[in-house]
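Data block below; observations after.
The values are calculated or read from the model by the stated rules, or taken from the named source; none is laboratory data. The structure presented is a predicted model; accordingly, all values stated were derived computationally and were not measured. Glycine gets a Cβ as well: all are built from the backbone with ideal geometry, and neighbour counts include every protein chain shown. Heads up: the accessible areas ignore ligands, DNA and RNA and are worked out on the full protein's heavy atoms, side chains in. Shrake-Rupley method; radii C 1.70, N 1.55, O 1.52, S 1.80 Å.
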Amino acid sequence: MNEIDFIGYNGVHPDDFVYDVPTGYDSYLLLLIKSPAEMMLDNEIRQVSANTAILYTPGTRIYYRASKQEYVDDWIRFRTDESFVAQFPLTNIPFSVSDPEYCHNLFKLLTWESSFPSAASESIITNLLRVLFSKLYESSTVSIANIHAHALMDLHKRIYNNPHLNWSVSQMSEELHLSAGYLQALYKKMFGSSCMDDVITGRLRHAQDQLMYTTKPIQEIAESCGYNNVEHFCRQFRQYIGCTPGQFRKSANTSQPALTPTHQTLGGREINN
């Protein structure tokens, strides 16, 4: 089911244009911004370039404005239960559109079809939306890969290679010059887990290795994995691995597979020894 509330293309607004819906809509809003603009993301105003798209989900604050020049966009506000919308990989985050003219023409066709409905309009609108979202899907995945991939991959590696560091989302976001919310959204889209889930995964993998192959005291291992408190280390180890550090070391030394956490999961990922 697809229900279009409002749609248009080549909307032109003056250089002082501001659009602000603090509580968002109870429907989706898809924009294709054809001029430079400014948007509020995680309570920060960010500059976006021309040929940028964004899909606002229901209930999300909407704020965008002209950037010292005429503002132009295509837009559609709609309700849907289509999976290609619900599962779109990048929501409430702007991304560059690789073929804006192609997408613009789809907006035009959708506008015409919704303005002059016929018996076949529902099927036509569904198919046009499917094509539009397929095209935007390509752009969204390319956008994630091209813009932040190198920095995110480097961060991902450093998290796993440096479990002893005092990692925090605020410190990571400052390093990458991104807001904390934006970093977390991009990181999860790229790796399928949160930054801090990967911090815990990296620390506990390092702990397992130390428990299996060294005779270091558990407190020393906890410190080498970034834990200032051995009780917190033991509690988190048991929570995610399913046994205490001491039990894990004993099972590894006596080769008892029942306590070896080969199939335990952490942050949506399987932990392999």
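Applying the set (1) within 24 Å of Pro58 (Cβ to Cβ); (2) free of Cβ contacts under 8 Å to residues at least 60 places away in the same chain to Ser114 leaves exactly one unmet item: (2).
Out of region 208-235, which residues are under 29 Å from the mean Cα position of the chain (by Cα) and touching a residue at least 40 places away in the same chain (Cβ under 8 Å)? Result: Cys225, Gly226.
Leu129 falls short of the stated requirement of being touching a helix residue (DSSP H, G or I) at 6+ places or on another chain (Cβ under 6 Å), among the hydrophobic types (A, V, I, L, M, F, W, C) and modelled with pLDDT of 95 or more.
Quick check, is Ser123 part of a loop (DSSP other than H, G, I, E, B) and not hydrophobic (A, V, I, L, M, F, W, C)?
Considered against the rule, which asks whether it is part of a loop (DSSP other than H, G, I, E, B) and not hydrophobic (A, V, I, L, M, F, W, C), Ser123 comes out as no.
Within region 83-111, the residues that satisfy the criterion of being β-branched (Val, Ile, Thr) and touching a residue at least 60 places away in the same chain (Cβ under 8 Å) are Ile93, Val97, Thr111.
Do any strands (runs of 3 or more DSSP E) lying entirely in region 24-114 carry at least 2 residues that are at pLDDT 95 or above, and which ones are they? Before you say what the answer is, go through the steps one by one.
On the way: elements: 28-33, 37-41, 44-48, 52-56, 62-66, 71-80.
Output list reads 28-33, 37-41, 52-56, 62-66, 71-80.
Looking at region 182-193, is at least one residue at pLDDT below 95, buried (at least 16 other Cβ atoms within 10 Å of the Cβ) and among the small types (Gly, Ala, Ser)? So far as region 182-193 goes, yes, one or more of its residues are at pLDDT below 95, buried (at least 16 other Cβ atoms within 10 Å of the Cβ) and among the small types (Gly, Ala, Ser). For region 114-131, a residue qualifies if it is open to solvent by 50 Å² or more (accessible area, probe 1.4 Å), under 32 Å from the mean Cα position of the chain (by Cα) and not basic (Lys, Arg), and the qualifying residues are Glu122, Ser123, Ile124, Asn127, Val131.
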